[in-house]
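Novice: First the structure, which I've put down as structure tokens, then a few questions once you've had a look.
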Amino acid sequence: VTPGESASAEDASLAKAAQNPIASLISLPIQWNSTPGSQWAPNVLDPDAKHNQTQNVVNVQPVVPFKVSEGLTLVTRTIVPFISQPWARSTNIQGLGDINPSVFFVPTLKGNFTVGVGPTLIIPSATDSRLASGRWSGGPTGVLVYSKGKVVAGGLINNVWSFAGGGKKDVNKMLIQPFLNYNLPKGWYLTSSPIITANWMNKDNKGWTVPVGAGVGRVFKLGTQPINTSLSAYYNLVKPEIGGETLAGDWTFRLQAQFLFPTGG
């Protein structure tokens, strides 16, 4: 964001920076993902289980960049999940999930591309063992971003493997998050950012989650505080199976409010 920009130009600059997960911009996204129509267990375990519950996950995701040199920026991104997980007798387990910090080393590049690579870690911080694996896990992560004109596009990928902890099951999971944003006047934009996951420990290669969908967002100011908000809906085209059944609901709805802290210059 450049000092002296018009209000509309500043909104556009903030929107594009907010859509780049490794931009040199301090931000605090709070993201709510809700999946109604979920089922807590396969019928082989609970014959009365039905798709009549809702899973809710609220991710608090602070992003803080550090300028290492003229040619390198270090961007930290930490996901702190608060989970409401369907359980037996139409109840929900609620608590803190596993915290996931990542560090991206972002070189200064000329042109329209930005790239960041580094490590990601899963900390077994869940307050209830039923909300997570109980294992320390880690692996590589990377982001590629293309930004030109009204378009900001790219993708994030990581894979983690368990290496310590008291959990009984090994962890081997991949996450891919492609994103495409088309910016409109007055801070408005169209967005699509599905979160695709694969659990390689799920037998018979039935551990994939593949959503498709899109949404709309806008950057605006509340007083002097810039905020990026968005609302999206994703249809879960492919869902993982447990006991021969899919437990997740067909749709996931995402609402996000991202507080932006531009430094200017």
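The values are calculated or read from the model by the stated rules, or taken from the named source; none is laboratory data. All values derive from a computational prediction rather than experimental measurement. Counting neighbours? That spans all protein chains shown, and the Cβs are built from the backbone with ideal geometry, glycine included. The accessibility values were calculated without ligands, DNA or RNA, using every heavy atom of the protein model including side chains. Shrake-Rupley method; radii C 1.70, N 1.55, O 1.52, S 1.80 Å.
Novice: When the stretch 187-211 is examined, which residues are found to be touching a Leu at 6+ places or on another chain (Cβ under 9 Å) and open to solvent by 70 Å² or more (accessible area, probe 1.4 Å)?
Specialist: Selection gives Leu190 alone.
Novice: Within the stretch 51-74, does at least one residue satisfy the condition of being touching a helix residue (DSSP H, G or I) at 6+ places or on another chain (Cβ under 9 Å) and either in a loop (DSSP other than H, G, I, E, B) or modelled with pLDDT of 90 or more (or both)?
Specialist: So far as the stretch 51-74 goes, yes, one or more of its residues are touching a helix residue (DSSP H, G or I) at 6+ places or on another chain (Cβ under 9 Å) and either in a loop (DSSP other than H, G, I, E, B) or modelled with pLDDT of 90 or more (or both).
Novice: Here's a follow-up. Restricted to the stretch 146-163, and to residues that are touching a strand residue (DSSP E or B) at 6+ places or on another chain (Cβ under 9 Å) and farther than 18 Å from Ser102 by Cα, which residue is most open to solvent (accessible area, probe 1.4 Å)?
Specialist: Only one residue fits best here, namely Lys150.
Novice: Here is a further query. Quickly run through the stretch 222-245 and pick out the residues that are in contact (Cβ under 8 Å) with a residue 40 or more places away in the chain and over 23 Å from Thr191 (Cα atoms).
Specialist: Pro240, Ile242, Gly243, Gly244, Glu245
Novice: Determine, yes or no, whether Ile79 is open to solvent by 40 Å² or more (accessible area, probe 1.4 Å), β-branched (Val, Ile, Thr) and farther than 20 Å from Lys16 by Cα.
Specialist: no
Novice: Then there's this: Just one of the numbered conditions (1) open to solvent by less than 40 Å² (accessible area, probe 1.4 Å); (2) more than 21 Å from Val115 (Cα to Cα) is not true of Val44; which one?
Specialist: (1)
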